[in-house]
Amino acid sequence: MSSRLNRRSDVMVSVISPISNAESWIASYLHEISSLLSEEFKDYEIVLIDNASSDETVQVVEHLQQELKNVQLYCLARKIPHESAFVVGLEQAIGDVLITLDAAYDPVEPITEMLQMSYGGIDIVYGARSDRAQGGKRSLYNSLSRIFFRFYRQITKENLPLSVSTLRLYTRRAINAFLDNGDRYNLFPVIAAFSGLRYKTFSYQRLNRTGKASNQSYSEAISRAFRLIFLSSHYPLRLLTLTALAGAFLNVAYSIYVLFINLFKSRVAEGWTTLSLQNSVMFFILFMILAVLCEYVSRLVMTSQNRPFYLVTRESRSLVLARKEEINVIQNEARPRE
């Protein structure tokens, strides 16, 4: 496999990894990824996005840049969602093939396999977590994740693999297909599926470089799920339309019921229970409509503000860039004298 990859010396590979408070393990990761890339590829870069670390992560990386080649570091002024930081890295990377890799949990060994899978017109390679696959590790979080992605595929009709993770490969064509999307920072988990480009998947097992237990926040997961649905599908609006029509139909039915009672009943008592039930149902529908509309209006307001999603406050590069060494270099060749 290595010999085949080395023959493709015209392809530049970019590996994008967001990091945060990683001073205890970032050195081992950088040595590991640098060793693999330098052995397998002629042109490569490692793009690190520091997500507003509060420890010495930046200082550790800048020290390692003095000995490791092609390490780019971009420091964000404020913390943003972890998955959004991948998009920041994709915007900064210049490779022909771009790989997103969670430095804290994803192995580096599948990179060569992913490159091999991308040959033959494949623009996207998804890594599928084995613990979230059918028959994998059983947990409430993993079960809810599988349920969500099945539901998402059903309502959006997008061909998105189940158990998909942040370990992915994109060709430059795939990146160009979605980098102009205004919601790209919020839609990273699913946005590649919008392109309709061909893809392959492979299963892998995650690891843990941090030495700490992975904290899975249900509140953040629920918030992310709603955000993905609202930003990438018209299904909530369609559901809103059906709800409004149902409410209108109930009002018409109730009006017919009132007329029927007045025509065929000689004495009509005040129906406090019926009136209260009717009011509660109508107000429930009204507030559901307002909730959905408010979500869409809030997104429109955020978009219209034109506020930058992120700000790079610090940037550094390795002292030695392999690609830079060959710029403007002319090989000396023996020429016949005239």
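The values are calculated or read from the model by the stated rules, or taken from the named source; none is laboratory data. The structure presented is a predicted model; accordingly, all values stated were derived computationally and were not measured. All Cβ positions, glycine included, derive from the backbone under ideal geometry; neighbour counts span all protein chains shown.
Data table
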{"read-out": "Qualifying residue in the stretch 28-51 (condition: assigned to a helix (DSSP H, G or I), in contact (Cβ under 8 Å) with a residue 60 or more places away in the chain, aromatic (Phe, Trp, Tyr) and crowded, with 19+ Cβ neighbours inside 10 Å)", "value": "yes"}
{"read-out": "The lone exception for Gly127 - which of (1) free of Cβ contacts under 8 Å to residues at least 40 places away in the same chain; (2) buried (at least 20 other Cβ atoms within 10 Å of the Cβ) it fails", "value": "(1)"}
{"read-out": "Checklist (1) of a type outside the set (A, V, I, L, M, F, W, C); (2) at pLDDT below 65; (3) surrounded by 10 or more Cβ atoms within 10 Å (Cβ to Cβ) applied to Glu325, failing item", "value": "(3)"}
{"read-out": "Flag for Ala248 being surrounded by fewer than 14 Cβ atoms within 10 Å (Cβ to Cβ) and either farther than 30 Å from Asn142 by Cα or at pLDDT below 70 (or both)", "value": "yes"}
{"read-out": "Conditions (1) surrounded by 19 or more Cβ atoms within 10 Å (Cβ to Cβ); (2) closer than 26 Å to Gly182 by Cα: number failed by Pro110", "value": "(2)"}
{"read-out": "Test: residue in the stretch 166-174 that is under 27 Å from Gln116 (Cα atoms), in contact with a helix residue (DSSP H, G or I) (Cβ under 7 Å, 6 or more places away or on another chain) and part of a loop (DSSP other than H, G, I, E, B)", "value": "no"}
{"read-out": "Lone unmet requirement of (1) part of a loop (DSSP other than H, G, I, E, B); (2) closer than 20 Å to Val87 by Cα; (3) modelled with pLDDT under 85 for Gly135", "value": "(2)"}
{"read-out": "Failed criterion for Leu319 (all others in (1) at pLDDT 70 or above; (2) closer than 30 Å to Gly95 by Cα hold)", "value": "(1)"}
{"read-out": "Tally, over the stretch 268-292, of residues that are in a loop (DSSP other than H, G, I, E, B) and at pLDDT 70 or above", "value": "0"}
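Listed here are the residues, each with its yes/no results for (1) surrounded by fewer than 11 Cβ atoms within 10 Å (Cβ to Cβ); (2) modelled with pLDDT under 80; (3) closer than 22 Å to Ala103 by Cα.
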{"position": "Ser145", "(1), (2), (3)": "no, yes, yes"}
{"position": "Thr156", "(1), (2), (3)": "no, yes, no"}
{"position": "Ile175", "(1), (2), (3)": "no, no, yes"}
{"position": "Arg184", "(1), (2), (3)": "no, no, yes"}
{"position": "Phe194", "(1), (2), (3)": "no, no, no"}
{"position": "Arg198", "(1), (2), (3)": "no, no, no"}
{"position": "Phe202", "(1), (2), (3)": "no, no, yes"}
{"position": "Arg209", "(1), (2), (3)": "no, no, yes"}
{"position": "Ser214", "(1), (2), (3)": "yes, yes, yes"}
